[in-house]
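Student: Mind having a look at this structure? Questions to follow.
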Amino acid sequence: MVDDSDDARLFIELSSHAADLVEARDALELALRSMPDPDSPLRDAERSLVANAAMAYCRTFFPSKVRRPVTVFVEIPQALVATHELVAVFRNRTIAHSQSDLSVTYALGVLDAETLEVLDVTAPNISSPMPPEQVRSFVALVDAVTERLDEVIEPIRLSLMRRLADADRPALLKDGQKPTLRALPAAEFDSRTTRPPYPASHPVYLTREPDS
């Protein structure tokens with residue numbers, strides 16, 4: 001591991017934003033790939049993919065206790081501000097909370113066509129997915145923010161490389177800190193632990209396969 005320092009912590013912070021943007025981009029690409037093909041196995045997941053992209057993107061600038069918003073470091077391009085705001089509202093009112101009329105539930109009675117006998121009362125939910133035009137604008141937004149973030153990350157990465165080049169590398173290999181994997185049983189899966197600004201370990205939850 002690169003020694004703990006302000007630059008290392010900033011590199012981690014910015015790179016974690018970059019990871020969220022990659023997640024958003026991957027989900028949007030899969031959604032766009034499914035849209036023209038009604039038989040695509042991803043078609044049923046299209047709405048969930050766009051929703052996941054909105055959550056991943058908005059994580060980069062919504063308040064957090066462990067990192068600053070990405071907008072502290074990069075500016076949203078003026079031409080894409082409207083898309084940025086659309087995605088933020090979509091995340092707030094439709095994905096994270098169920099408030100908008102992009103998802104409505106009706107109370108409908110089912111009657112026999114001939115006798116008008118009441119057969120059932122049902123509650124279908126109708127969802128309006130984000131149109132392809134907006135999804136493509138969303139991709140452009142993620143790409144633009146990623147490009148600007150990369151420009152901020154690059155000099156910090158080069159600074160860390162220079163510091164590593166000047167270090168006693170054999171000593172680092174022998175005695176330097178290495179990431180630690182914490183193997184835990186699946187029953188202990190938990191997301192309440194807060195990650196530090198300079199992580200030294202991460203959990204991996206092990207699942208016991210049922211006896212066949």
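The values are calculated or read from the model by the stated rules, or taken from the named source; none is laboratory data. Because the structure is a prediction, the values reported are computed rather than measured. Counting neighbours? That spans all protein chains shown, and the Cβs are built from the backbone with ideal geometry, glycine included. Keep in mind that these areas ignore ligands, DNA and RNA; they rest on the heavy atoms of the full protein, side chains included. Shrake-Rupley method; radii C 1.70, N 1.55, O 1.52, S 1.80 Å.
Student: Among the residues of the range 9-30, is there at least one that is open to solvent by less than 30 Å² (accessible area, probe 1.4 Å), over 19 Å from E147 (Cβ atoms), free of Cβ contacts under 8 Å to residues at least 60 places away in the same chain and touching a helix residue (DSSP H, G or I) at 6+ places or on another chain (Cβ under 8 Å)?
Tutor: no
Student: Another one. So if I check each of A167, A186, A107, A79, which one is open to solvent by 40 Å² or more (accessible area, probe 1.4 Å), modelled with pLDDT under 95 and small (G, A, S)?
Tutor: None of the other options fit; the residue is A186.
Student: Of the conditions (1) in contact with a Lys or Arg (Cβ under 9 Å, 6 or more places away or on another chain); (2) modelled with pLDDT of 95 or more; (3) outside any helix (DSSP H, G or I), A54 fails just one. Which one is it?
Tutor: The number of the failed condition is (3).
Student: Would you check which residues across the range 71-90 are outside any loop (DSSP other than H, G, I, E, B) and charged (D, E, K, R) and list them?
Tutor: Selection gives E85 alone.
Yes or no, residue by residue, for (1) within 21 Å of the chain's Cα centre (by Cα); (2) not aliphatic (A, V, I, L, M):
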| residue | (1), (2) |
| --- | --- |
| R47 | yes, yes |
| M55 | yes, no |
| C58 | yes, yes |
| F61 | yes, yes |
| V110 | no, no |
| V121 | no, no |
| P131 | yes, yes |
| V142 | yes, no |
| D150 | yes, yes |
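Student: Using the structure shown, decide if R182 is closer than 30 Å to L10 by Cβ and not aliphatic (A, V, I, L, M).
Tutor: For R182, the condition - closer than 30 Å to L10 by Cβ and not aliphatic (A, V, I, L, M) - is met.
Student: Okay, moving on. Tell me the residue from L141, L160, L149 that is assigned to a helix (DSSP H, G or I) and out of contact with any Leu (no Cβ under 8 Å at 6 or more places or on another chain), please.
Tutor: Among L141, L160, L149, only L160 is assigned to a helix (DSSP H, G or I) and out of contact with any Leu (no Cβ under 8 Å at 6 or more places or on another chain).
Student: Okay, moving on. Out of R68, R9, R93, which single residue is more than 24 Å from P131 (Cα to Cα), part of a helix (DSSP H, G or I) and either modelled with pLDDT of 95 or more or among the β-branched types (V, I, T) (or both)?
Tutor: Unique residue meeting the criteria: R9.
Student: Here is a further query. State the number of residues belonging to the range 52-76 that are in contact (Cβ under 8 Å) with a residue 40 or more places away in the chain and open to solvent by 60 Å² or more (accessible area, probe 1.4 Å).
Tutor: 4
Student: Looking at this structure, is E85 over 18 Å from the mean Cα position of the chain (by Cα) and of a type outside the set (G, A, S)?
Tutor: no
Student: Can you name the residue in the range 126-164 that is free of Cβ contacts under 8 Å to residues at least 24 places away in the same chain and open to solvent by less than 80 Å² (accessible area, probe 1.4 Å) and is also farthest from T105 (Cα to Cα) among such residues?
Tutor: Among them, the one singled out is L158.
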